[in-house]
Each structure stands twice: as C-alpha cells, then as structure tokens.
1. Quickly run through the range 172-182 and pick out the residues that are crowded, with 20+ Cβ neighbours inside 10 Å and at pLDDT below 95.
2. How many residues are touching a residue at least 24 places away in the same chain (Cβ under 8 Å) and either in contact with a Cys (Cβ under 8 Å, 6 or more places away or on another chain) or aromatic (Phe, Trp, Tyr) (or both) if we restrict to the range 12-67?
3. Among the candidates ALA195, ALA238, single out the residue that is surrounded by fewer than 18 Cβ atoms within 10 Å (Cβ to Cβ) and over 14 Å from the mean Cα position of the chain (by Cα).
4. Could you tell me how many of the residues in the range 109-121 are surrounded by fewer than 17 Cβ atoms within 10 Å (Cβ to Cβ) and either part of a helix (DSSP H, G or I) or among the charged types (D, E, K, R) (or both)?
5. Yes or no: GLU44 of a type in the set (Asp, Glu) and at pLDDT 95 or above?
6. Grab the strands (runs of 3 or more DSSP E) fully contained in the range 1-108, keeping just those with 1 or more residues being more than 19 Å from MET184 (Cβ to Cβ), open to solvent by less than 50 Å² (accessible area, probe 1.4 Å) and touching a strand residue (DSSP E or B) at 6+ places or on another chain (Cβ under 8 Å).
7. Are there any pairs, at least 6 apart or on different chains, whose C-beta atoms fall under 7 Å, with the first in the range 94-108 and within 22 Å of ALA26 (Cα to Cα) and in contact (Cβ under 8 Å) with a residue 40 or more places away in the chain and the second aromatic (Phe, Trp, Tyr) and open to solvent by 30 Å² or more (accessible area, probe 1.4 Å), and if so, which?
8. Looking at (1) in contact with a Leu (Cβ under 9 Å, 6 or more places away or on another chain); (2) at pLDDT below 90; (3) of a type in the set (Asp, Glu), which one does GLU266 not meet, given that it meets all the others?
Amino acid sequence: MSETPSADLPVRETVLLAAFEGWNDAGSAATQALEHLHEVWDAEQVDELDPEEYHDFQVNRPVVGPGADGRREITWPTTAVAVATAPVSGRRVVLVHGIEPSMRWRRYCTELLDIAAGLGVDTVVTVGALLADVPHTRPIPVNTTSEDAGVRDDFRLEPNTYEGPTGIVGVLQHEAAARGMRAMSLWAAVPHYVAHPPSPKATLAILHRIEQLLGEPVPLGELPDDSAAWQHGVDELAAEDAEIGEYVHQLEEAKDTADLPEASGEAIAQEFERYLRRRDKGTGG
C-alpha cells in the first residue's frame, strides 16, 4: 500500500527529480513522468553529461535521423539536466533524464551531484518503476523510502530495506545522502503481465505522488484518458485469455484482502476483544 507524505517539501528548497531508462524504468513509467513534467513546466536544458565517459555504444547505440534543420544528425545516449519553475509555488525543480550508464557509476554520480550542487539542490528524489505482482484494475502502488531517518520522520516514510542488486537510482540516492542532501526514492509497481511500454496508469500514479511531495498541482493533459484506455485494453486482453483472466482475479483478491481494515493487526485484536465480550455476555445470561 502506498503511503501519503505528512507534509510538502518546503517551497524554498530546490528539488531534483531523476529517472533513468533501462532496468529502473518498467513500462517506461518513470522517464515518461519526467518527460511530462519537462513539457508542462516548460523546462530548459542547462547541462548534459558526456556519453563517451559512461556508455557502451554497442549496448545503447546512437540514433541517426533528420535534425530540426532537415540535415541528418546523430543523437547520442546522454543524460540531460533541465531546470523548471513550478508555476503555482514558484519552486525551482531540476529534472534529470538519462539512460542508466554502462560504466563508471561512481564518477557518473559525482558529476551529476556536482551539477546539482551548483544549481542549489537541497533534495534529491530518484524515480523508478519495477515489475510486480499487482493487478492492473487497482490503483498502482507507489512506495517512497529513504535512508535518512530525518526524512523518514518528516514524511512518515518507510526505511529502504531492500537487499540485492541495485540500479543507478539506488546508487545516486545513496551518494546524495552521503553528501548531506535530503534524499528519497519513489517507485511505482507496474503489473508484470503488461510490462511493455507505455504504462500511462503508472506514469499517472507517479505524477500524483510528485504532486503530493512538492505541493504543486501538475497539469495532466491526456494522461487520465490514456490511463483509462490502457486499462480498458488490458481488460479486453484478460477477457480473451482465460488464464490471464484467472490470474488477474487472484491478484485482485490478494490485493483487496491486504487492503481490508480487517487485515491489520490492530483491527484483528479489536475484533477478538469484541468476540470475548460477546461470549462473556452470552455465558452470563
């Protein structure tokens, strides 16, 4: 179940939002959320990292095609840094959009955080999406964690207890915290049986969480309609395939059971106390 932050980040703080294509970006949900913010907030690119230092071009190949002037040009797989001003609060937001690098991760994070420091960034929020056993018919779970006890207390977040292989978002969050920046990680869970991008329902869930975190409404444009159309399409897939339909039903039951108030330990204890009181009254009568 996703949690709701207890407070907005102070408007005076400059916040960096970072998402990376690849392992950390199921359904392209995270990077499409940042692309959406870049567009609706009219962000301006201010810097980029040299791809020669960090990418294996046989893994992430450059793309050739016509440029704005009609002449053919090569676009290299780089990391772009853009700055936007949130229109309602006036908050400065730094948007980092790239492809997970192939090499030199520590140098990559150092260079990126040096740029962030130069832009006055106080808080780093890494944004990712992962494949999970969740039903497409229910709200997309979005989980926010932090290694910083102070950040967890301020926003009622869970500690990051994951153990195992990590991606560039995990490394960047860790390095930001080591520098004394407020750092947190935001992840959306994408139904694994519809992993192919786009995943507009997950993108929408990420944007809603960013709205909560920044205290800044985000114009959503056609995303709600795209999300509804996506869900309708998966509904049709499940209706046509009995095996998928049954699996979705099992996921729905598991999700609904976990979300029921009766499933909490406190609710179970209260119900047991009521049972004991009813039993005692029956015995006395």
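1. Within the range 172-182, GLN173, ARG182 meet the criteria.
2. Total meeting the criteria: 4.
3. The unique qualifying residue is ALA195.
4. 4
5. So GLU44 fits the description; yes.
6. Correct list: 63-66, 80-85, 92-99.
7. Partner pairs satisfying both residue conditions: GLU100/TRP23.
8. (1)
The values are calculated or read from the model by the stated rules, or taken from the named source; none is laboratory data. Here the structure is a predicted model, which means the values were calculated and not measured. When we count neighbours, we look across all protein chains shown, and the Cβ atoms used for this are built from the backbone with ideal geometry, even at glycine. These accessible areas exclude ligands, DNA and RNA; they are computed on the full protein's heavy atoms, side chains included. Shrake-Rupley method; radii C 1.70, N 1.55, O 1.52, S 1.80 Å.
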